[in-house]
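As structure tokens, the structure follows; a few thoughts come after it.
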Ligand code: GRG
């Protein structure tokens, strides 16, 4: 299984990267804005969210090529969130994806605007007329709604706000950490599997189970990220580390320590996988991808 899943991740990552280059053609020009967008979007990254979108779709339907616009759009939203999160007014990070952060090269003003433009580009791509040749308009509209909702106040942005606010609190309990992780991190994974599921016309019940899978996977992924922040070096991770300790941030790691957090991260993946057990082996690919992320914290 392991070699297969690694090959799958590598192949799909390359396909997503190729499509991102195509998508960037829409806005290519000789300008600092384009340079900043291109720099951060093409700086590397595992492309996990678009890959999960593709994996959900291709567990149901052959020929995922038509859904690449949606997969690329989710990576644009993710990259915008990283650019903004790294700004001096937020986490003030110097490294991301093995390179200096966007604002270190292009300045905070251009980095802010590059993030803004990535949000718009994502919505431009998923609402383009061309997609209506391949997909039903109602499904596309539902996807546009999901993109807006899960990246907005109830999702990604809301999670980031609570993350910031919680740093000034004297006591942060597990429930608040889970609230933050569901919104800040799980939202885009939920979006990924929902979009894959909607495009594949799965039933409403199946969509709910896919969403639950992604929510629990997202929690695990954030716990893994917090473990990596604690145990890795900047060189190993390609981004600033020990940020949570520096910012005295409450995480599963600060509450329970690294070893117990590793067990909890695995428990959440098991919980996630259970939501898909109803469908026998149909979503084996998604489950294998989820378990594969645990390799990083071994
Ligand atoms: C909305 C202003 C604003 C900010 C968004 C969510 C967020 C706030 C910032 C992202 C920072 C962060 C720690 C997010 C949690 C999700 C996470 C683990 C991101 C790293 O994702 P990977 O590991 O990174 O998929 P690559 O580089 O591979 O894409």
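The values are calculated or read from the model by the stated rules, or taken from the named source; none is laboratory data. Remember, it's a predicted structure, so these values are computed and weren't measured experimentally. Virtual Cβ from ideal backbone geometry, glycine too; neighbours counted across all protein chains shown.
Data for the structure
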| read-out | value |
| --- | --- |
| Test: residue in region 22-44 that is under 26 Å from residue 242 (Cβ atoms), exposed (fewer than 15 other Cβ atoms within 10 Å of the Cβ) and out of contact with any strand residue (DSSP E or B) (no Cβ under 7 Å at 6 or more places or on another chain) | yes |
| Qualifying helices (runs of 4 or more DSSP H) (wholly inside region 22-134; at least 2 residues being in contact (Cβ under 8 Å) with a residue 12 or more places away in the chain, more than 15 Å from the ligand (Cβ to nearest atom) and farther than 25 Å from residue 193 by Cβ) | 32-41, 102-106 |
| Sole exception among (1) within 25 Å of residue 5 (Cα to Cα); (2) more than 10 Å from the chain's Cα centre (by Cα); (3) crowded, with 22+ Cβ neighbours inside 10 Å for residue 86, by number | (1) |
| Residue within region 152-171 that is at pLDDT 95 or above, more than 13 Å from the ligand (Cβ to nearest atom) and closer than 21 Å to residue 215 by Cα present | no |
| Region 245-274: number of residues that are modelled with pLDDT under 90 and part of a helix (DSSP H, G or I) | 2 |
| Unmet requirement for residue 238, which otherwise passes all of (1) at positive phi; (2) away from the ligand (no atom under 15 Å from the Cβ) | (2) |
| Residue match in region 233-242 (condition: in contact with a strand residue (DSSP E or B) (Cβ under 7 Å, 6 or more places away or on another chain), outside any loop (DSSP other than H, G, I, E, B) and surrounded by 14 or more Cβ atoms within 10 Å (Cβ to Cβ)) | yes |
| Test result for residue 143, part of a helix (DSSP H, G or I) and in contact (Cβ under 8 Å) with a residue 60 or more places away in the chain | yes |
| Conditions (1) away from the ligand (no atom under 16 Å from the Cβ); (2) in contact with a helix residue (DSSP H, G or I) (Cβ under 9 Å, 6 or more places away or on another chain); number of the one not met by residue 217 | (1) |
| Every pair of residues 6+ apart whose Cβ atoms lie under 6 Å, when the first sits in region 229-247 and is touching a residue at least 60 places away in the same chain (Cβ under 8 Å) and under 13 Å from residue 95 (Cβ atoms) while the second is near the ligand (Cβ under 10 Å from one of its atoms) and in a loop (DSSP other than H, G, I, E, B) | 238/97; 238/98; 240/93 |
| Residue within region 200-209 that is assigned to a helix (DSSP H, G or I), more than 13 Å from the ligand (Cβ to nearest atom) and either under 27 Å from residue 172 (Cα atoms) or touching a residue at least 40 places away in the same chain (Cβ under 8 Å) (or both) present | yes |
| Lone unmet requirement of (1) surrounded by 18 or more Cβ atoms within 10 Å (Cβ to Cβ); (2) closer than 27 Å to residue 236 by Cα for residue 118 | (2) |
